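Notes follow once the structure below has been shown.
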Amino acid sequence: MSAMASLTALSASTADGVFVGAQAVEVGGIPGAGRVLPTRTELAAVLPWPGLRRGSTVAVHGSVSLLFALLSEATANGSWAAVVGLPGISLVAAAEAGVELARLAVVPRPGGDPVGVIAALLDGVDLVVVGGTRQVADSDARRLSARARNRGSVLLPFGPWTGAEVQLRCVGADWRGLGQGHGYLRERAVTVRSGGRGAASRPRSCRLLLPARDGAIGVPADEPGESARPQLRPVAG
């Protein structure tokens, strides 16, 4: 499939269920690689570019909240995103994090040819999230990253991925809101760390709320410089 005319056709031919908000929609072509898609300002400190660079592969490890945070600004500004192979994903949580559901395609079970489904989506969607990454052979992972480069899409594997340019992880989680042993969990403070190769080879980190009390992303009130853009912090190793 050289271009994806509609997600309805993809659903009928290669995948077990495709949902875009509440309906299937037509998806057009995308600009070439090299440009960036917007991200939340709070995340800019851990990326080597001013946004998510088209044609890049950014692997996210262990945090669905971080994944939603990466999708939120781009979809809110008109970009299309797809999530493949994550059947338990919560659309309610995605919406609370700021993801525009009307521009989100969900392929919970991509059927017998997941690589083919991912490749087709990279042809016509701005950002493609891939679950079940351990089931993707290294050779297929490299081919899909090459396809993302050629098509100008952003590939976001949720887990390990051979050849990813950027690796993002959340560590040091600290849930807040219980007080002295009572109350409700309100927010989670985490340290987001990045590494990788090329422009991402210098490790970076910042402290964020994922999620904050409103379900989105924020900066902890007890962190220095909370009103400013998070500063880069050196990471050992």
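Taking other C-beta atoms within 10 angstrom as a stand-in for reagent exposure, 89, 118 fall in the order 89, 118, fewest first. In the stretch 79-176, a dipole from Cβ-located charges (positive for Lys and Arg, negative for Asp and Glu) runs towards its positive end, and of 162, 105, 93 it is 162 whose Cα lies farthest in that direction.
Quick note: the coordinates plus some simple rules give every number you see, no bench work behind them. From a predicted model like this one, the values you see are computed outputs, not experimental measurements. When we count neighbours, we look across all protein chains shown, and the Cβ atoms used for this are built from the backbone with ideal geometry, even at glycine.
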